[in-house]
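K.L.:
Can you read through this structure? Questions will come right after.
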Amino acid sequence: MAHMNAGLESSGAPESLEGAKTPPLVAIIPATSQVGRATIESLLAHHPDKVRIRAAARSLSQSDELRSFQNLEIIEGVDAFLRETHEAAFRGVERCFIVAPKLENRVEAVNLLMGSAQRCGVKHVVLIGGVFQEDEVCVMHQHWQATKRHAQVLGLKWTQLQCVDFMENVLQHKITIASESRMYGTGRGGRSPAVAVHDIGAAAASVLACDDDRHFDRSYRIVGPAAIGPDNMAAAFSNVLGRQVQFVDYGLEKWRQDALSLKKMPEWQVRGFYDWLRLYFLTGKLADVKSDLPLLGVQPTRFEDWLRARSSLFEGADETAAVARQKELVLS
């Protein structure tokens, strides 16, 4: 089911002036993901005349938030695992951004979508990946490599945005930071160039809006401007909030045991993050990774600047809720 915002034709193609070239159609799937939404925001803000945008969502409830955007075509009912729902998303599309779901079988989901995209004539696909994924040690790395290989097998032109951890992960700490001025987790001594989700969206938008082949068959490291660890984050919180915030480290093994016993995430995800923390974050392997964001015209966001824009989220927590809840687990 298709819905058009701001008076676009139901075909997805706007009326064009005589002799004017109609901008190519790009699809974002799923558009309801954090990264998908950030990509749409960046396309509309910075590349409004370069492309037309189709936002694919699985259900009506998932796409309600998209209705606030103008000049956007919304396609309902697109299920990654049901091929018969894919044509509506990809028909007439030249380029697409497929964001992998947080599922153990997400390789299957992405590969099915890419297969449908190829059959519908899509030429270029943008994918999410991970820094050092070529090692294929962590389960997440195996996933990212598998989807890139499948794009190559299908003969699609591809671009992979290789990320590390997100700055948004610290939102898991907002209750204990507000009520106790503490962050609980693991990772002391480790560092990683965490990236802001809106920077990933800006990078994806830059690639999708490009009308030449400069980004074809390339990987970019989409990371922050500097490697930071939990103590650096605590110092940034202290500076921005004007009160001392401490990081309390209860160790990697305790993190793994709690994550499994409290079912904070599926077992496969715990295993993947455990390996990532043990082999990459804590070893310093990520400390010197340089960002390719400037190559895409994006200035990487500093963590303290990201935090300053969201400082109100870490104030005024309900202390009763904080006491009742288990100490927050962190992924970095």
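K.L.:
Return the residues of the range 80-124 that are among the charged types (D, E, K, R), buried (at least 17 other Cβ atoms within 10 Å of the Cβ) and under 29 Å from VAL270 (Cα atoms); say none if nothing qualifies.
P.N.:
Hit for the range 80-124 is ARG106, nothing else.
K.L.:
Another question, then. Right, ALA203: of a type in the set (A, V, I, L, M, F, W, C) and touching a His at 6+ places or on another chain (Cβ under 7 Å) or not? Please lay out each step first, then the result.
P.N.:
Numbers: of a type in the set (A, V, I, L, M, F, W, C): yes; touching a His at 6+ places or on another chain (Cβ under 7 Å): no.
Judged against the criteria, ALA203 is not a match.
K.L.:
Which fully enclosed helices (runs of 4 or more DSSP H) of the range 161-253 have 1 or more residues being closer than 16 Å to TRP306 by Cα and without any contact (Cβ under 8 Å) to a residue 24 or more places away in the chain?
P.N.:
In the range 161-253, 230-241 are the helices (runs of 4 or more DSSP H) which contain 1 or more residues that are closer than 16 Å to TRP306 by Cα and without any contact (Cβ under 8 Å) to a residue 24 or more places away in the chain.
K.L.:
Run down ARG106, ARG95, ARG119 and say which single residue is basic (Lys, Arg) and farther than 18 Å from ILE28 by Cβ.
P.N.:
Residue meeting the stated conditions: ARG119.
K.L.:
Whether any residue in the range 253-266 is farther than 14 Å from ASP165 by Cα, touching a Ser or Thr at 6+ places or on another chain (Cβ under 6 Å), of a type in the set (Phe, Trp, Tyr) and crowded, with 19+ Cβ neighbours inside 10 Å is what I want to check.
P.N.:
yes
K.L.:
Now for a separate question. Consider ALA205 carefully, then state whether it is at pLDDT 95 or above, closer than 19 Å to GLU168 by Cα and small (Gly, Ala, Ser).
P.N.:
Details: at pLDDT 95 or above: yes; closer than 19 Å to GLU168 by Cα: no; small (Gly, Ala, Ser): yes.
Here the answer is no, as ALA205 does not meet what is asked.
K.L.:
I would also like to ask the following. Being of a type outside the set (A, V, I, L, M) and under 19 Å from the mean Cα position of the chain (by Cα) is the filter; apply it to the range 282-298 and report the residue that is surrounded by the most Cβ atoms within 10 Å (Cβ to Cβ). Write out each step before concluding.
P.N.:
Here is the first cut: in the range 282-298, the residues of a type outside the set (A, V, I, L, M) are 283-285, 288, 290-292, 294, 297.
Going one step further and asking which of them are under 19 Å from the mean Cα position of the chain (by Cα), we end up with 290-292, 294, 297.
Working: LYS290: 10, SER291: 21, ASP292: 18, PRO294: 11, GLY297: 13.
Applying the filter and picking the extreme gives SER291.
The values are calculated or read from the model by the stated rules, or taken from the named source; none is laboratory data. In this text, all values refer to a predicted model and were calculated from it rather than measured experimentally. Note: ideal-geometry Cβ built from the backbone for every residue, glycine included; neighbour counts use all protein chains shown.
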